[in-house]
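What follows is one structure encoded as structure tokens, with my remarks underneath.
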Amino acid sequence: MAEPFVALMRRYCIDYTARHDLSVCDDIMVPGYTLHMGVHDLAGRDEFYKPAAAAQFRQFPGLCLTVNEIICSGDRLAMRFTEHGASARHDGARASWGGVGLYRWDGQRLLENHVEQDYLARRRQLADGHPDPVEAPAVAPWDTRAVPADPAAEEAVRAWLAAGDLAGATVDDGRGPHRLITPARTEIGVLFSAGPRVAFHAVQQGPLAGGDPRFAGDGEAMLHLAGVVGVTGAQVTSGRVIRDRLGLLRRLGSREPAASSGPAASGRPGEGRP
């Protein structure tokens, strides 16, 4: 039999997302379902989540979701994914962008999701007309089994996040520096493990590192990130991290190609299907 939490996420990905069927949300999410993305915390399945998802489906009428990895501890689940499609707002320009979501449930329905998606990579592709390839799908995501936590792996990832350089993992679309902020502190909102695989959602705060001229400014900055990484011998040796680089650019007042329009262009979450 399928792992119950994984079976629920199969409905999320196939019955709801692949079919663009918002009615499925009533079955798989509690009314108070809460989305945490960047600086936004949206509480309310019907009031906030469904309208944001509907806007995304209008912009990307053929939106697809490819599951790249699932890990599950029983009461927590993390999914690494790629969303991809053609934007009706950009003359059919195509894009694929990565994301990481950390889900919590009540044993029957989803309660909340801490997620980040690489909207800066999506904006680049919609602007230049050159979509990135879709990352390879997981071979058997719906056969994922729950794995007990590994406290030692969790401690290794806490120390790795505190160091801040994210070495050992693939970061965002792989086109920029690993270190955008020299973190004076890292606040971890969620962190759990399934064996040596560790999922997290965190916020780095500190001065800008200066490795990318787009991210320039004085004073302290804040950067949200989510990831699923692998630990070997107390070191992070694999995995993927997605950061809210677009949110950081907006807070810095930086200028990027104006390819992104819609709800999030005015600072509201909705640039992607959460």
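Every number here is computed from the coordinates shown, using simple stated rules; none is lab data. The model shown is predicted, which means the values in this text are computed figures rather than measured ones. Positions of Cβ are backbone-derived with ideal geometry, glycine not excepted, and every protein chain shown enters the neighbour counts.
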Under DSSP loop assignment and at most 15 Cβ neighbours within 10 Å, longest trypsin sites (Lys or Arg not before Pro)-free interval of the chain = 20-144
Listed residues 146, 178, 191: farthest to the positive end of the dipole of the range 101-250 (Cβ charges) = 178
Does the range 164-261 come out rounded, prolate or oblate, given a ≥ b ≥ c as the square roots of the eigenvalues of its C-alpha gyration tensor, rounded meaning a/c under 1.5 and, failing that, prolate meaning a/b above b/c?
-> prolate
Could you point to the residue in 157, 117, 107 farthest towards the positive end of the range 84-158's charge dipole, with +1 and -1 charges on the Cβ of Lys/Arg and Asp/Glu respectively?
-> 117
Treating the beta-carbon of each Lys and Arg as +1 and of each Asp and Glu as -1, no other charges, what is the dipole magnitude of the range 78-235 about its Cα centre, to the nearest 20 debye?
-> 180 debye
Take each complete run of DSSP H in the chain, measure how far its Cα atoms stretch along the helix's own axis, and keep only those covering 20 Å or more with mean Kyte-Doolittle hydropathy at least 0.0; list them.
-> none
Where is the GNM fluctuation largest for the chain (alpha-carbon springs, 10 angstrom cutoff): 231, 24, 100?
-> 24
Tell me, how many Å apart are the Cα centres for the range 1-80 and for the range 155-229?
-> 24 Å
